[in-house]
Amino acid sequence: MIKTSNSIRLAFAIAAFGLLSAGPGSAQDASKPVTDRGVLSAAVTDFIQPGYRNFRDKAQAMGAAISPLCEAPSAPGLEVARKAFGELVTAWSEIEIIRFGPVVDDNRLERILFFPDRRGIGLKQIQQVLAEKDETATTPERLAAKSVALQGLTTLEYLLYGTGAEDLAGGDEFRCDFAGAVAARIYGTAGELVDAWDDPEGIAARLSDPKPENPDFRDEREGLQALLGVFVNSSELVADTRLKPFLGAGVDEAKPKSAIFWRSGLTGTAIAGDMKGLQELYKASGMIELTPEDIQRYGTSAMFELSNAQRTIDRMKQPLPQAAADPETRDAANYLRLVLLSIRDTFSGRIAGGLGLSAGFSSLDGD
Amino acid sequence: MIMTRRLFIGTATAGLAGLSGLLPKPAIAAGKDLFAAAWIQNGGAGFSILDGDGNELTSVSLPDRGHDVATDRAGRWAVAFARRPGTFAVAVDRQNGSEPIPFSTPEDRHFFGHGVFSPDGRVLYATENDYDNAAGMIGIYDVTAGFNRIGEFPSYGIDPHELILMPGGKTLCIANGGIETHPDFGRAKLNLASMEPSVVFVDIESGELLEKHTPPADLFRLSTRHMDIDAAGNVWVGCQYEGPETDEPPLLLRVTMGEGYKPIMLPDQARHGLANYVGSVAANRSENRLVITSPHGNCALVLDTRSGNLVERIAEKNVCGAVAQGSGFLLSSAEGDFGEAKLGRSWDNHIARLFQER
C-alpha cells in the first residue's frame, strides 16, 4: 500500500464518495432505451471521428506555425511553434487510446508516436540526420520513405526542444525544414485516419452497424469488446509504458529522462490527455448504461478516479518525471499508475461482466 | 454453449458439429490419463494435476499467474511456468511426493511460459527473454540437481514462446513470436513496426541452429507462437496476427523440416471466426487430427492433418486449453470448463498431458 499524502487521501475520499452517491449514468435519457448499436454509434460519431479530426486540425496548425518560423526565424516564432506542439500532443493523447482499426494499419501508430523507444533508435536517427544534414528528411514525400521513428511527435519534440533547438530562433534552416517535413508527415497520417473513419462504407459503418459479413465487427458483442478493450488496454498501456519507465522501483531509481516528452515538459500533459480521452469516450458512448445499475456505480467511481488523477497532475509544481524523483512528491506520481491499473481491473472485471463480456482473462490479455 | 466439450472424432459423422455428443465415449480407463493446467481464481493463482473428468489430484499455489506446464515422459515431473514476464517456475515431483520445488530465471531473464523436458527427463529447456538485448534464449535446467540452471543457448529470434521436442528427441522446434517486450514496460509490445517471427529447429545437444523459417515479408506481423507435431512429423503452428483486424492472414502454418512453411487455408468463415488469434494447438496423432483454439473468437477448429481440411467447428466461450485425449481432445476455458466438468477457476491457455506418448 502506498503512503498517503494529502492529495492522495483526498482523491480516495472523493472516489469513495462517488461510489456511494453514484446513480445511473448521467447521459441516460429515460425515453430512449440505450442499445448496443446506439453505444457503438455514439462512440464513433461523438468521440472517435471528432478526436481524429481534432488531431488532424492541430497537426495542420503545427505546420502553419513552423512555416513562418522557417521563413523568418525568431524567438517568439519558436514559442508559437512550441505552443502548437503542446496542443498537438494533447490532441493525440486524447485519441491515441483508440488502438484498433486504421491506426494499426501501415504502422500509423508508430509513425505518429515512436514510443517507447527503449534503445534510443529514434534519437540516434534524428542525430544522424542532423549531423549529416540529410536533405531527404526535409520534404514530407522523401521523409515518408525513411524510418517510422523519424516521422512523428518524438522527432518533432527533439527538433523543437532538444539540443540545438534554440538555433531555430536564429535561423537553422535545415533543422526547421526537417521540423516542417515531420509536421507535414503527422498531418498526412492524421488525414489518412480521418478519411478512413469518415468513409461512409468504412470502419465507422462496420462498428456502428455490425454484420456477419464484416471482416472485423460481425456482431454487437465484438464491437463492445473493442470498446471495452480501449479502457482495459489503454489504461494498462499508459500505466506500463508512460509511467512505469520513469517511476522506477524507488525514488532513487526514478529515471526522468525515460519519460515521454520529458524534453518539452509535456509528460503530464500527455498522460492527462490519455485520461481525459478515456473519460470522454466513456461519456460519449454511454456504454455504462448497458450494464445493470449495481455495476454502473463502478464506472462512475472509475471516472471520479480519473478526474482526481488529472487534478493531481495539474497541481504538480514540477514536471511529472521530476516529481517521481522527489521523495516529497513521488507518492503522487505513483498514485497515477495505481489509478490506471485500478481502471483496467474495474473494466476488465466488473464492467466486462456487466456488459455480458468475458471478465478479462485470456480474451483481453492473451499470450 | 456447445453440445459436448470433449470432441470425439475419427468417424464419418464427426464433421457434424452437435452430433458428436451422441457418439460413444472413448474406451479409456478412468484415471489413466492425467493432465496439468494453470489457473487463476479469486485473485489467487496456481496449477493443478487432474484427470479428464476434472477431479483434482494435486493443486499447488503459484505466486502469480502461470501459463503452461511441462511434463516428462515418465510422468514424474510437472513444472508450471510463470506467464511472461514472470520469473518463477514450480516443479512437482509425483514420484516422491515431496514439497513443490520452486526455481527461477537469473536476474536478467524471464520466462515466456513454456518448457520441454529432454527425452530422458534429466534436463528441462525453457523459453526465456534476454530482455536487455532483446534476444530469445533457451534456459537449460538440470532436473537431477534441483532444477539448477546449467546453461543457455539462443532461440535465434526474439520472443520464443512454445518449444517442442521433435520425434527422435534430438531436435527442438521453437516458435519465435517476434514481438519485443521488456519488463520495464510490462507486457507492452515494443516493435510492432519491425516484428521478426520465425520457427527454428535447433540441435538439442549443441544448441546449434539447424533451420530457420521466416514468413514472407508481407506477413511480418504474424506472430508464430504455439505448435504441435502430427503423426508424419510436420509441425503445425498457430499464429496471432498483430496487424489490422481487416487483414486476413493465414493463422495456421505447417512447417516441415527441410521444406519450410505452408500456410493452411481455412474456409473463410472458420478463419474469420478465429479473430486473428490462435491460443493453443494440439494434435491427436493416432487420429490424424489437430485442434486450434481461439479464446478471442470463442471457438475451436478441428482439422484433418493429412488433408489440412476442416473437420469440425466448436463454439465455446473463452476456450483455449487443448490436449489430445483418447480419440478426441480435451478442451478448457477461462470460464471454468475443463472437459465436461465445470470448475470455479479460470483455466489458463494450455493443458499438458502427464503421460506422454512420444
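The values are calculated or read from the model by the stated rules, or taken from the named source; none is laboratory data. Here the structure is a predicted model, which means the values were calculated and not measured. As a convention, Cβ positions derive from the backbone with ideal geometry for all residues, glycine included, and neighbour counts pool all protein chains shown. Side chains included, ligands, DNA and RNA excluded: accessible areas come from the protein's heavy atoms. Shrake-Rupley method; radii C 1.70, N 1.55, O 1.52, S 1.80 Å.
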Report the one residue of A:LEU227, B:GLY243, A:ALA183 whose Cα lies farthest in the direction of the positive end of the charge dipole of the protein assembly as shown (charges on C-beta: Lys and Arg +1, Asp and Glu -1; origin at the Cα centre).
A:LEU227
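Over segment A:142-297, what relative contact order in percent results from Cα pairs under 8 Å that are six or more residues apart?
Result for segment A:142-297 is 15 percent.
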Given chain A, longest segment not containing exposed loop GluC sites (Glu not before Pro) (DSSP; at most 11 other Cβ within 10 Å):
A:1-165
With angles folded into 0 to 90 degrees, how steeply does helix A:49-71 sit against the dominant principal axis of chain A? Use alpha carbons for both and round to 10.
10 degrees
Residue among A:LEU123, A:PHE174, A:LEU156 farthest towards the positive dipole end of segment A:108-213, charges placed on Cβ:
A:LEU123
Residue by residue through segment A:212-228, the couplings from Karplus 6.51 cos²θ - 1.76 cosθ + 1.60 with θ = phi - 60°, in Hz, x for Gly and Pro, are x, 7, 5, x, 10, 10, 8, 8, 4, 4, 5, x, 5, 4, 5, 5, 4
Where Lys and Arg each count +1 and Asp and Glu each count -1, what net charge lies around A:ALA254 among other residues with Cβ under 15 Å from its Cβ?
0
For the protein assembly as shown, what is the accessible area per residue in Å², given a 1.4 Å probe and the full set of protein chains?
38 Å²
Hey, got a sec? Which trypsin sites (Lys or Arg not before Pro) in segment B:99-154 land in a DSSP loop and have at most 14 other Cβ atoms within 10 Å?
B:ARG122
How high is the relative contact order of chain B? Use alpha-carbon pairs under 8 Å, at least six apart in sequence, and give a whole percent.
16 percent
Taking placed amide H atoms and a strict 5 Å upper bound, the residues 5 or more places from A:PHE115 or on another chain that come that close are none
Those trypsin sites (Lys or Arg not before Pro) from segment B:31-77 that are DSSP loop and have at most 15 other Cβ neighbours within 10 Å turn out to be B:LYS32
What list of ³J(HN,Hα) couplings, whole Hz, do you get for segment B:318-326 from phi and the Karplus terms 6.51, -1.76, 1.60, once you set θ to phi - 60° and write x for glycine and proline?
6, 6, 8, x, 8, 7, 5, 8, x
Ordered by number, the residues of segment B:169-207 with at least 10 Å² less accessible area in the assembly than alone (1.4 Å probe) are B:GLU180, B:HIS182, B:PRO183, B:ASP184, B:PHE185, B:GLY186, B:ARG187, B:ALA188, B:LEU190, B:LEU192, B:ALA193
Rounded to the nearest 10, the angle in degrees between the Cα long axis of helix A:293-315 and the longest principal axis of the Cα atoms of chain A comes to 30 degrees
Percent of alpha-carbon pairs separated by more than 27 Å within segment A:43-205:
22 percent
Cα centroid separation - segment A:96-112 against segment B:269-347, whole Å
31 Å
Report, to the nearest whole %, how much of the accessible area of the protein assembly as shown belongs to carbon and sulfur atoms, 1.4 Å probe, protein only.
50 percent
With a ≥ b ≥ c the root eigenvalues of the C-alpha gyration tensor of segment A:191-234, is it rounded (a/c under 1.5), prolate (a/b larger than b/c) or oblate?
oblate
Which of rounded, prolate or oblate describes segment B:192-313 when judged by the alpha-carbon gyration tensor and an a/c cut-off of 1.5?
oblate
Using amide H atoms built in the peptide plane, which far-off residues or other-chain residues are under 5 Å from B:CYS299 H to H?
B:SER294, B:GLU316, B:VAL319
Is the shape of segment A:125-250 rounded, prolate or oblate, going by the alpha carbon gyration tensor and its root eigenvalues a ≥ b ≥ c, with a/c under 1.5 for rounded and a/b larger than b/c for prolate?
oblate
Might you report the magnitude of the Cβ-based charge dipole of chain A about its Cα centre, with Lys and Arg at +1 and Asp and Glu at -1, to the nearest 20 debye?
980 debye
Taking the Cα centre of the protein assembly as shown as origin, work out the dipole magnitude from +1 charges on Lys and Arg Cβ and -1 charges on Asp and Glu Cβ, in debye rounded to 20.
1100 debye
Could you compute the longest span of chain B free of GluC sites (Glu not before Pro) located in DSSP loops and having at most 16 other Cβ atoms within 10 Å, not counting the site residues?
B:1-106
Could you tell me what percent of the DSSP beta bridges with both partners in segment B:241-358 are antiparallel, to the nearest 5?
100 percent
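Taking 8 Å as the Cα distance limit and 6 or more residues as the minimum spacing, I'd like the relative contact order of chain A as a percentage.
27 percent
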Select from segment A:135-180 those trypsin sites (Lys or Arg not before Pro) which occupy a DSSP coil region and have at most 16 other Cβ atoms within 10 Å, ordered by residue number.
A:LYS146
Based on Cβ point charges of +1 for Lys and Arg and -1 for Asp and Glu, what charge dipole magnitude is obtained for segment A:43-205 about its Cα centre, in debye rounded to the nearest 20?
420 debye
Just for the Cα atoms in chain B, what are the lengths along the principal axes, largest first, rounded to whole Å?
52, 50, 40
Non-local amide H neighbours of B:HIS161 (under 5 Å, H modeled in plane, Pro and chain starts lacking H): which ones?
B:ALA175, B:ASN176, B:GLY177
Whole-Hz couplings from phi, Karplus 6.51/-1.76/1.60, listed for segment A:110-116; x for Gly and Pro
5, 5, 6, 9, 8, 7, x
Summed for both chains, how many Å² of accessible area, to the nearest 100, are buried between A and B with a 1.4 Å probe?
3000 Å²
